[in-house]
Structures are given as structure tokens and as C-alpha cells.
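Readers should treat all values here as calculations from the given coordinates under stated rules, not as data from a laboratory. Everything numeric here is computed off the predicted structure, so don't read it as measured data. In this analysis, Cβ positions are derived from the backbone assuming ideal geometry, glycine residues included, and neighbour counts consider all displayed protein chains.
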Amino acid sequence: MTTATTRSRTAGSAAGTPHTRVEGRDKVTGVARYAADLPFDGLAHGWLVLSTIARGRIRAIDTAPVLAMPGVVAVLDHRNAPRLTTDYVGLLGKPDPTCAVFQHDRVPYLGWPVALVVAETPEQAREAAEALVVHYEQQPHDVDFTAEHPDARAVDGHMPAVTAKGDLEARLAASAVVVDVEYTTPEEHHNPMEPHAATARWDGDRLEVVDSNQGATWVVGELANLFSLDPASVRVRSEHVGGGFGSKGVRVPQVAAVMAAKVLRRPVRVVLTRRQMFSLAGYRSPTVQRIRLGADADGRLRALEHRSQSLTSTVHDFVEPSAGVARVMYDADAHHTANRVVPLDMPTPTWMRAPGEAPGSFALEAALDELAEKCGIDPIELRLRNEPERGPVSGLPFAGRNLRACLLEGARRFGWADRDPRPGLRRDGRWLLGTGTAAASFPAGAAPSTATVTALADGTFTVRIAAADIGTGARTALTLVAADALGVPTDRVRVRIGDSAFGPAMIAGGSMGTRSWAWAVTAAAGELRERLALAGDIPPEGITVRSDTTAAVAALAQKERHSFGAQFAEVAVDTATGEVRVRRMLGIFAAGRIVNPLTARGQFLGGMVWGISMALHEEAVRDRASGGHVGPDLAGYHVATNADVPLIEADWVPDPDPDDPVGIKGIGEIGIVGAAAAVANAVWHATGVRHRSLPIRPSRVLTAAGGAVDA
Ligand code: MOS
């Protein structure tokens, strides 16, 4: 070989070697175009008008004055909008009626889309949208999320609401040590840097959409259903995505843009503002979780109950399945879990990085820490003693459970052996110091995908797959995987993604994207390699092989498939100011084969930073009177920034998945799991105070310090 890059000298060894993003240069030089950047001839701009009441009906909309404003082309609302089909089951279930915009006059929450003003420029559209007067008939709303809410009910989400084995009360009564605690987590928002945006253009019956999504196939399916179209006549592209975190499925911008483009017979673009994202981009529900643990004196669990309640809107059920994590992590003779939801006059929550596991692991792993304290057992030893042989609820064998290796390697590197378990003893000037740990898991799976790989006469290869790189480095990972499967250096491989025309593929979600796509790419590349061995000259159009992993994925044996991890944190707490600083953090993961150590580390670190943010900062506050947010922007909603984030290390133990052609398990989400619990457990170790409500903001530390600690 003659043109190998410095990073991939040897064909066949790209995966496992750090590689900068193949599109990195385009991104930092501004060449990369995002959804709202692409030029379209004759483009009109839509601006959404959102409800200012949390419940009621639209009585009237004064469109005439707005239609007379400069540049305004149209106002779409429930009176003139085309009808949509909402009675279908899509890739991830029934559609959230929020996306079926302008179909009726009811308002189920504050920030609900009531109209779209379309104008020649975004500025004209915005000015007109903000001038549009909407009259409402307001009804009383309920945004009070409480543990005792009478409307709470068990709802099966993507997993059953309730699991139960054994006599819980009897086992608790017979346990030498019992922990019975309630934890709460607040409403949290993903808010990716690139706002949700979409441009739609019709050409006869053919629809083209450029948007910011986590899966072009998914968006095609939803739009085809909503607008009663043949999916083959819909093309969705999303070449670059500035973050998704679960929020970028089909949302209001795509549907509103498609609708307006249809009515106006010209391309229309709709972009959410940062504030609009707070009601239309989805979010993580607050949770209230009750955990009861019963154990022998030596820490072996005999009873485990994890109950979680989250909220949903009144128009769609979404469950934040926080109790699900207990179904995988720990077993007990009596083992009960339940996820319940209460419908409120609030926007529908959605998937947000590690849905369920992120808040669920905070509660469960903090409760384990409380149990360790009560038993007088080291928290790591307690976890090692409770490692299950099989899935506690499924009864299935684990397809690799390397949690023990993560805990031991993490403990070694963090210096855990020297830790004095007693709380409130260490000082550094005004700071109290403490360390904490927590375990983590996230499902590992694969879903059917198709890919094509083309060999060109110049010796290069083009991979096409409807993958989405939402910032994870998926495009780069697939480049490495393809290069290895083809047996060529990475600079001879070009990976094209983000286009539904490339055929159906898994979404960037469930930590399953890169694994599912890599499988399809490997299959196509392997077959192409065999074909090339037999072929003579490559014709001008190249030689293309197409793969479909549907059968291979379906043949996977039934097992508990998960990634695992161990999180460690050291904190300093100033009980006079209430300030909590994370001083260092370490995460060790067993998450399958790591394709690109550079971007994988970034993915883990990003999750851990989010864990710090979740533990100490993030909290969307609702105003009970209006039903909306207090400060729905990135000034009012605090996230961890550079000054909050210390030296963080993430590393991994060898853990290739034997059932995956590349050995991948998936690393998208596990970085955040357990991270907040490790911080909260460290705060206890520093101060002797258990903080069971996130975030551990200064006011909470001060309130606690006013009591027992360091008064
Ligand atoms: Mo993820 S929350 O499955 O995008």
C-alpha cells in the first residue's frame, strides 16, 4: 500500500486505533452544513406560534393583521391545515399527537404549537408570529408532580410496567438490615447545540426533507404515515447533526415544514428557537423513586423493591422506566419493580440519554451505598457479593457481564483501597472531602440495517448507509470498520450516511446505532471482498454489494445483553457556602470492542460530565401558576460548564461481544449511568449527609448543614 495515513498504516487494524473525525475539518472550518444551512431556491420560512396557556381551547386567532405584515405568505392553524393520519404504530410506537400539528383547537400544555406563520425571511416570520394574537378559553391546569398523585397508573412502555417475584414484605421483615428510602430527580432537558430544524420541498408527489435527525429511515416512516404517503416517495437527509441525545426523532419542525410546503407549493424551513425547544424537543421526566432493600448482615440482598413514578402529557404516554435498571443489576429472593406515570398538563417527555437508567441508577446505586454503610461493608465489596449469575427478572444468562472487572480495575486506579469509610472526616481548608462509587449498566443490542459498499476502479471504496452521526463519531467508526472488513487503509474508504435513499437502517438510539450499522457494513464489505477476489477489472460504475442484517440479527440467541461500568468520584464540599466541587472522576467500562478509542473516550466523558451536571446543576423549574418554565433557556437552566468539570478519566476493560461480527456492544449511553450516584455518594462521604434529591444545589447543602453537619 502506498497512501496509508499515519493512523492506519496496516490494513486490517484500523479499529482499536485512535482516529480523528473524518468530517472534523469540515466541521471546524464551517464547510459542514447543518439542517438550517442548506440553500433552497424559493425558500420560505415558517415560525411557530406556541400556546401561552397550559390547558384550554383556542377561541380565535386574529390572522388578518398578521397576513398584512411585510413578507408574510400564510398563517397555518387548526382551521386551514391539511388533515393528518395519526392512527398508526410507527417504529417506536404510536405517534405523539404533538407532532400532528394544527388538527384541533385543544391546548394540552403551555408551549403547544397553535400556528405557523410563513414569510419570505425568518425575521419577517418571527416578527409576524410574535404579533399574532390568539384568544383562548383557559381551563385549570395541573403541573404538580407528586408521589401521591391520584392519577398515577402503571403503563407498559417499551418494557413491562411491573415485575414481581417472591414475598417482598416477608423477606424485608426477615432481613437483618433494611434500607427504605425515597429519591427524587427533577425535570431535565437535553437541549442539543443544534436546534431542531427542517426544510421540506415537494416535487409533485415526491417529498424531500432536510432535517436534523437520529435516523432518516425513522423520519421517512413517520412522515409517510402522517401524510399518507408511499415511503418510497419520501427522501430524508441529515448529513450532519449537532447533537440529539434522544430528542431528534420526528418532531414539530419536520411536520410543520412538510405541511406548509404542501400548502404553499414551495420549500419551507422551520427552526425551533432555544426557548421553543423547552416545550417541543422532549425532555426527561422528573422521577420519584422508592427503594426498599433487605439484606443479611453480610450484605447479601434478600429483598429488593424499586418503584418509580414519572410524568407524561395528557395526549401521549411516555414512560421513563427508571425501575428497569434493578431488573438487571441485582437479584434477591423477593424482587419487585414498577414504573408508573401520572398524566399532567405538560409536554410529553421523551428518550433522553439512558432513559430510565440515568435517574434509576441514581436511586438504586445511592441506596446500595446506604446499605453498605448500614452493613459496615465496603461499597465495592457489597456489589461484588451481589453479582447475579443470571438476569434477575429474565432468568437469562448474561452475554458477558464484566462488572466485576470494572469495579476492581476502577478501585485500583482510583486508589479506593486507602479509603476510610467513615464520613465527614477529611478536610482541605474549608472543604470537606469524600469519595464515592456506583455501578452502571445499559442494554446492548443490534437492530436490522442495510448497507451498500461499492468498489471503484481507482481502488477506493464508498460505503452508503442511512446511519446518523449525532456527534458520537459514528461516521468515523464506520470508516474504520469498513476499512478493516475490506482489508484496506482508512483513506481508501469514504462513508456516506444520513440519507434515507441508502436504504433502511437502525436509528442512532438505544446505544445500538454503531453496532447495528457496523454489522451491515461488515457484511457487505466481506461479500464485496470475496467478489473482488474473483472479479477482473472493475467497471466504471464500480462493483456494489448490498447487505441486510435482518436475518442475522434475528438469529441472535436470547440473552441478557448489556454493557457495564463502574463510576468513581471525589468531591469537595463547602458547607458554609453550599458549594460542591467534583475534584476528579474515573469511569471504567466493559462495553464491547472499542472501535475508535478517541471518540469512544469522548462519548464516555460526555456522559460522565452529564452525570456531574445531573448531580449538581440541572433542574427545569415549573411555575405552578402558568404551567410553564421559569427561565426556559440556557441561562435559566444550568448545565455543567468547563469550570465545573475537573480531570475526568474514562477507560475500559477488554469485553468484545462474541455474538457480534465486530465485537461491538454499544457505548452511546452508559457514560451517564451511575455518574450522578457516584457524586452523591461522595457528597455523603464528605459530609455525612445523604442527599436524596437532585440536584445537590447549594441551598440543599446549606439546609442540611444547618442541621447535623459541621454546623
Ligand atoms: Mo438515545 S436516549 O436512545 O437517543
Per-residue ³J(HN,Hα) for region 325-336, Karplus 6.51 cos²θ - 1.76 cosθ + 1.60, θ = phi - 60°, Hz, x for Gly and Pro: 5, 5, 6, 10, 7, 9, 10, 6, 4, 10, 9, 10
So for region 447-554, averaging the separation of alpha carbon pairs under 8 Å that are six or more residues apart and normalising by length, what relative contact order in percent results? 43
Net charge of Cβ neighbours under 10 Å - reference Phe145; Lys, Arg +1; Asp, Glu -1: -2
State, to one decimal in nm, how far the label point of Gln103 lies from the label point of Ala164, with both points 7 Å from Cα in the Cβ direction. 3.6
Taking r as the C-beta separation of Gln139 and Asn80 and R0 as 25 Å, the FRET efficiency to the nearest 0.05 is 0.50
Restricting to lysines and to Cα separations under 16 Å from Lys665, and discarding same-chain partners fewer than 8 apart, the set is Lys559
At 24 angstrom or more along the helix axis (alpha-carbon based) and mean Kyte-Doolittle of 0.0 or higher, what helices does the chain contain? Whole DSSP H runs only. 357-375, 513-534, 597-616
Protection-proxy order for peptides 469-480, 635-646, each taking the mean of Cβ atoms within 10 Å per residue, highest first: 469-480, 635-646
Just to check I understand the Karplus step: with θ = phi - 60° and J = 6.51 cos²θ - 1.76 cosθ + 1.60, what whole-Hz values come out for region 446-459, glycine and proline as x? 9, 9, x, 8, 10, 8, 10, 10, 10, 8, 9, 5, 7, x
Taking Cα centroids, how far is region 546-583 from region 54-119 in Å? 38
How long is the gain from Asp548 to Asp205 if the chain were fully straight, where each residue apart is worth 0.36 nm and the alpha carbon distance is subtracted? 120.7 nm
Could you derive backbone 3J(HN,Hα) for region 54-68 from the dihedral phi with the Karplus parameters 6.51, -1.76 and 1.60 (θ = phi - 60°), listing whole Hz in sequence and x where the residue is Gly or Pro? 9, 6, x, 9, 7, 8, 7, 10, 8, 7, 4, x, 6, 5, 8
Segment Tyr88-Glu387, extension gain: residue separation times 0.36 nm, minus the distance between their alpha carbons: 103.5 nm
Net charge near Arg251, counting Lys/Arg +1 and Asp/Glu -1 over other residues with Cβ under 12 Å of its Cβ? -2
Could you work out the relative contact order of the chain? I mean the mean sequence separation of Cα pairs under 8 Å and 6+ apart, divided by the number of residues, in percent. 17
How much length would be gained if the chain were fully extended between Asp298 and Glu579, taking 0.36 nm per residue of separation minus their Cα-Cα distance, in nm to one decimal? 97.6 nm
Provide Rg over Rh for region 587-672; use the alpha carbon set for both Rg and the Kirkwood Rh (inverse mean inverse pair distance). 1.16
Efficiency of FRET between Asp180 and Ala457 - r from beta-carbon atoms, R0 56 angstrom, step 0.05: 0.20
Using only the alpha carbons of the chain, determine the length spanned along each of the three principal axes and report them from longest to shortest in whole angstroms. 73, 73, 50
